[in-house]
Amino acid sequence: MTQKSPIFAVAPMIDWTDRHCRYFHRQISRQALLYTEMVVADAIIHGPRDRLLGHDAAEHPLALQLGGSDPAKLAEAVKISESYGYDEINLNVGCPSDRVQSGTFGACLMLTPETVAECIAAMKRVATVPVTVKCRIGVDEQEPEQALPELITRVLDAGADAIWIHARKAWLKGLSPKENREIPPLDYEIVYRMKQRWPDVLIGINGGIRTLDEAAAHLAHVDGVMLGRVAYQNAAILAEVDQRFFGAPAGEPDWEDLRDRMMIYAERHIASGGRLQHVARHMVGLFTGLPGARRYRQILSTDAAKSGAGPEVLAAAFAAVDFSGVEQEAVSA
């Protein structure tokens, strides 16, 4: 096993973890492993590569998640991505969305583990960084106790460096992507058993993890923990990650410094032809629970979307928050 355990990661999420989101998250945690949205191999080969693969150097450590089921195309996408300097390449074998299924990749690949193995082998032949897999415990009528070990065995034989497991089945028929994140029951124990079976392989867990206490509890059984929606919707949770999991010195977050850095970043993005909303939309949930958070959200949700909005909107939003307050906002906030 050549890859160092990332310990704590923010999950790849389509339409959410774009470059602006990742830059924002990196300002809160210096150590968490960040992932791109899933990028389809065909898009990299034929599409606007800089837009799809470009990122700020500050985002590292950063993994690129690829989607696809054609070994040759995935290998070509890996070769193209090489010059962009990602720290890891991850193959999506877990996304249940319709647009992924229509391309015969994502979670439906759980049904053809031999294809996944061929993809990993092709990617490994050209990659100079670790190649990993993110999967479910099974799909549809599969028996996870059989399907998951078979997939893991095949991809490890093909050279995979780590396995991230979303501890739920995916139902490809009858459930929406949102329902697939919530309805299939979580089975953390099967992920723990996979780690026991492959003690020398980096195995990480994902799915339904809401707090850093829960993350710490999982790390007693596996090598890595991946948070998804909660890290996006309440990014302040990342402020304790470096101290708790990576030994960084204790200290209160410097929210004013974060504001200033995000204002500089937003100004740079606007100057290059972007809009403030592209950046601000990822910051809306930052201060959930603090006095003034409702006003903060209102400012970012409305003023940042206006034509010509500039970084001063971020300053106004931060000014609405009482950082000395400890009282929780009402649930209706």
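Distances between placed amide hydrogens fall under 5 Å for Gly289 paired with Glu329, all partners being 5 or more residues away or on another chain. In summary, the lysines within cross-link reach of Lys124, defined as a Cα separation below 18 angstrom excluding same-chain residues under 8 places away, comprise Lys4, Lys73, Lys79, Lys134. A simple charge model with +1 on the Cβ of Lys and Arg, -1 on the Cβ of Asp and Glu and nothing else charged puts the dipole of the chain at about 500 debye relative to its Cα centre.
The calculated P(r) of the stretch 252-323, using every Cα pair and 10 Å bins from 0, goes 22, 57, 20, 1 in percent. Here the alpha carbons of the stretch 204-333 define both size measures, Rg and Dmax, at 16.3, 50 Å. Approximating the spin labels as points 7 Å out from Cα along Cα→Cβ, the Leu111-to-Lys79 distance works out to 3.1 nm. Converting phi to 3J(HN,Hα) with the Karplus coefficients 6.51, -1.76 and 1.60 and the offset θ = phi - 60°, the stretch 46-54 yields 10, x, x, 4, 4, 5, 6, 10, x Hz in sequence order, with x at every glycine or proline. Relative to the Cα centre, the charge distribution of the stretch 19-72, modelled as +1 at Lys and Arg Cβ and -1 at Asp and Glu Cβ, gives a dipole magnitude of about 260 debye. Convex hull volume of the Cα atoms of the stretch 140-217, normalised per residue: 106 Å³.
Summing Cβ point charges (Lys, Arg +1; Asp, Glu -1) relative to the Cα centre of the stretch 258-312 gives a dipole of roughly 160 debye. A 1.4 Å probe run over the stretch 177-333, with the rest of the protein chains in place, finds 51 Å² accessible per residue. Between amide H atoms placed 1.01 Å from N, distances below 5 Å from Gln65 occur with Thr36, Val39, Asn90, all of them 5 or more places distant or on a separate chain. Dividing the mean sequence gap of close Cα pairs (under 8 Å, 6+ apart) by how many residues the chain holds gives a relative contact order of 16 percent.
Computed over every Cα-Cα pair of the chain and binned at 10 Å starting from 0, the pair-distance distribution P(r) comes out as 6, 26, 33, 24, 11, 1 percent. Scoring 55-62, 31-38 by mean Cβ neighbours within 10 Å over their residues and listing the highest first yields 31-38, 55-62. The label point for Ala220 and the one for Glu179, both projected 7 Å from the Cα toward the Cβ, are 3.6 nm apart.
Accessible surface of the stretch 90-247, 1.4 Å probe: 48 percent of it comes from carbon and sulfur atoms.
Which whole-number value in Å² is the accessible area per residue of the stretch 1-134, probe 1.4 Å? Mind dumping the intermediate values first?
Values: 4930 Å² over 134 residues.
Heavy-atom SASA per residue in the stretch 1-134 reads 37 Å².
Taking amide H as placed 1.01 Å from N in the peptide plane, Ala158 has no amide H partner under 5 Å among residues 5 or more places away or on another chain. From most to least packed by mean Cβ count within 10 Å, the peptides 218-226, 137-145 give 218-226, 137-145.
Just order 208-215, 302-309, 71-78 by mean Cβ neighbour count inside 10 Å, highest at the front, would you?
The most tightly packed comes first, giving 71-78, 208-215, 302-309.
The values are calculated or read from the model by the stated rules, or taken from the named source; none is laboratory data. What you are looking at is a predicted structure, and each value in this text was computed from that prediction instead of being measured. Cβ sites come from the backbone with ideal geometry, for glycine too, and all protein chains shown count toward neighbours. Just the protein is used for accessible areas: all its heavy atoms, side chains included, with ligands, DNA and RNA removed. Shrake-Rupley method; radii C 1.70, N 1.55, O 1.52, S 1.80 Å.
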